[in-house]
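Here is the structure we will look at.
The values are calculated or read from the model by the stated rules, or taken from the named source; none is laboratory data. Being a predicted model, the structure only gives us computed values, none of them experimental. Virtual Cβ from ideal backbone geometry, glycine too; neighbours counted across all protein chains shown. Heads up: the accessible areas ignore ligands, DNA and RNA and are worked out on the full protein's heavy atoms, side chains in. Shrake-Rupley method; radii C 1.70, N 1.55, O 1.52, S 1.80 Å.
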Amino acid sequence: MTSTTIETGTFQTSHASKYLQQLCKHFGHKVPATFDETAGQVDFMFGPAKMRAEPDVLRVEIILADPEDRDRARAVIDSHLERFAFREAFKTMDWHTQ
């Protein structure tokens, strides 16, 4: 039996709302996604990713049913943000496991 793992990532940026919307629109072409200017959710196969845009930070919380999906889940978010936030020289979110 596996237990739920929560991965929380933060990215310090003044463009959090823009990136949240870009991520949700992009992923929404393949999986269910809902969003507005300050919050969004993407329902990935590995678990839902809840996003929040604050004035200076983008927060992403991924709820994983299987902790083995941690690296893949983080990589999905990071690789897309790397493309969207290239002007900010983005490399990776600051990730923490709960």
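Take the conditions within 26 Å of Ala89 (Cα to Cα), in contact (Cβ under 8 Å) with a residue 12 or more places away in the chain, open to solvent by 60 Å² or more (accessible area, probe 1.4 Å) and assigned to a strand (DSSP E or B) and apply them to Arg72. Does it pass?
no
Sort out which residues of segment 56-67 are in contact (Cβ under 8 Å) with a residue 60 or more places away in the chain and not in a strand (DSSP E or B), and write them in order of number. Before you say what the answer is, go through the steps one by one.
The first filter runs over segment 56-67 and keeps only residues in contact (Cβ under 8 Å) with a residue 60 or more places away in the chain, leaving 64-67.
Answer for segment 56-67, where residues must be in contact (Cβ under 8 Å) with a residue 60 or more places away in the chain and not in a strand (DSSP E or B): Ala65, Asp66, Pro67.
Could you check segment 26-52 and list, in sequence order, the residues that are loosely packed, with under 13 Cβ neighbours inside 10 Å and either of a type outside the set (Asp, Glu) or touching an Asp or Glu at 6+ places or on another chain (Cβ under 7 Å) (or both)? Reasoning before the result, please.
Of the residues in segment 26-52, the ones loosely packed, with under 13 Cβ neighbours inside 10 Å are 29-32, 34, 36-37, 45.
Listed by number, the residues that qualify are His29, Lys30, Val31, Pro32, Thr34, Met45.
State whether the residues of segment 9-20 include one that is among the hydroxyl-bearing types (Ser, Thr, Tyr), loosely packed, with under 14 Cβ neighbours inside 10 Å, modelled with pLDDT of 95 or more and more than 14 Å from the chain's Cα centre (by Cα). Give the steps one after another, and end with the answer.
Here is the first cut: in segment 9-20, the ones among the hydroxyl-bearing types (Ser, Thr, Tyr) are 10, 13-14, 17, 19.
Applying the additional criterion that residues be loosely packed, with under 14 Cβ neighbours inside 10 Å yields 14.
Retained after the next criterion (residues that are modelled with pLDDT of 95 or more): 14.
Filter once more, so that each one left must be more than 14 Å from the chain's Cα centre (by Cα): 14.
Checking segment 9-20: at least one residue is among the hydroxyl-bearing types (Ser, Thr, Tyr), loosely packed, with under 14 Cβ neighbours inside 10 Å, modelled with pLDDT of 95 or more and more than 14 Å from the chain's Cα centre (by Cα).
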